[in-house]
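Report on the structure given below.
Each reported figure results from applying straightforward, stated rules to the coordinates on display, with no laboratory input. Since this is a predicted model, take the numbers as computed values, not measurements. Counting neighbours? That spans all protein chains shown, and the Cβs are built from the backbone with ideal geometry, glycine included.
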Amino acid sequence: MNVRQEQWPRPAATRVVTVANQKGGVGKTTTTVNIAAAMALHGLRIVVIDLDPQGNASTALGIAHGVGTPSVYDLLLNGRPLHELCSIAEFAPTLQCVPATLDLAGADIELTSQVAREHRLQRAVQDYLRRPEPPDYIFIDCPPSLGLLTLNALVAAREVLIPIQCEYYALEGLAQLLNTVDLVKSHLNPELTVTTVLLTMYDSRTRLADQVASEVRAHFGELVLEPVIPRNVRVSEAPGFGQTVMTYDAGSRGAIGYLQAAREMAERGRTMQAGGSGE
């Protein structure tokens, strides 16, 4: 019996989660791929949509994303259906990724002249969810900006996950993100809600990390996941080997932090759905 493969609870309906924070270096991609990997290794069906032109999520999941690879660019600008662009991760057959290529770097400008430019990803996701056996989770990894790519991600999702690093100025710029979420909710996607906040890059040796964590918990309350992600070199090393830390070093502090965070998200998904259905 493989304990690692213990089945985590499935949500009653697909949870579409955009991982966003326009500040760079806060752990957006790391959070996306490691939570996705942890869930997939526990039997959940996961799709990761890489919306960052750097393609770091694709790299960490071992998915090819050289120029010419069918990618999320084809979905946004050529109308290719999402299911045609999914590649399966070698380490977890229930984890698929729509890769990003460098073509995406110009997409913000190219999308400007397109009809329904903010809804391109939303339409593709909705079509995908009508197919047989939709996934349990779709995670959308955003670039570090609030341009048209991130706007597409916010319009396509129902939930926002915000990673916040436990460092100086952690809350700086968050007002801008939250304001953008409110605008999208008012004008483009009334279902959008910030449901999850994750504290990353926590250094237990510093008083500052505790102060930031307390400040974030006071501000966001129960939206903040209980586990924190420690600063851990194994987390940083893993993408260099085309892996997530979940497979690169499953016993490391970083992997354990992400495993616990992913499990809490899965558990919350069950109670969210149960609360909504009166079970």
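Miscellaneous remarks
- With all pairs of separate Cα atoms included, the chain yields a Kirkwood hydrodynamic radius of 18.7 Å.
- Contact order relative to length of the range 3-269, as percent, for alpha carbon pairs under 8 angstrom and 6 or more apart: 26 percent
- Annotation: the residues Thr196, Thr94, sorted from fewest to most other C-beta atoms within 10 Å of their own C-beta, follow the order Thr94, Thr196.
- Only one residue of Gln114, Leu104, Met201 has its Cα farthest out toward the positive end of the dipole of the range 3-269, where Lys and Arg carry +1 and Asp and Glu -1 on Cβ, and that residue is Met201.
- Distance between modelled label sites at Glu222 and Thr112, nm, 7 Å Cα→Cβ extension: 4.4 nm
- Label point of Asp203 set 7 angstrom out along Cα-Cβ; within the range 140-183, amide nitrogens under 12 Å from it belong to 166-168.
- Whole-angstrom gap from the range 48-70 to the range 191-256, using each part's C-alpha centre: 23 Å
- Take every DSSP beta bridge whose two residues both sit in the chain; close to 5 percent of them are antiparallel.
- Judged by the gyration tensor of its Cα atoms, with axes a ≥ b ≥ c, the range 5-47 is oblate; a/c meets the 1.5 cut and b/c is at least as large as a/b.
- When Arg130, Arg217 are arranged by Cβ crowding within 10 Å, least crowded first, meaning fewest neighbours, the order is Arg130, Arg217.
- Packing-based exposure ordering (other Cβ within 10 Å, fewest first) of Glu110, Glu159: Glu110, Glu159
- Taken about its Cα centre, the chain carries a charge dipole of roughly 280 debye when the Cβ of each Lys and Arg holds +1 and the Cβ of each Asp and Glu holds -1.
- Computed FRET value (nearest 0.05) for Phe241 with Asn78, which takes r as the C-beta separation and R₀ as 41 Å: 0.80
- Full-stretch length increase - Arg130, Val67 - with 0.36 nm per residue and alpha-carbon distance subtracted: 19.7 nm
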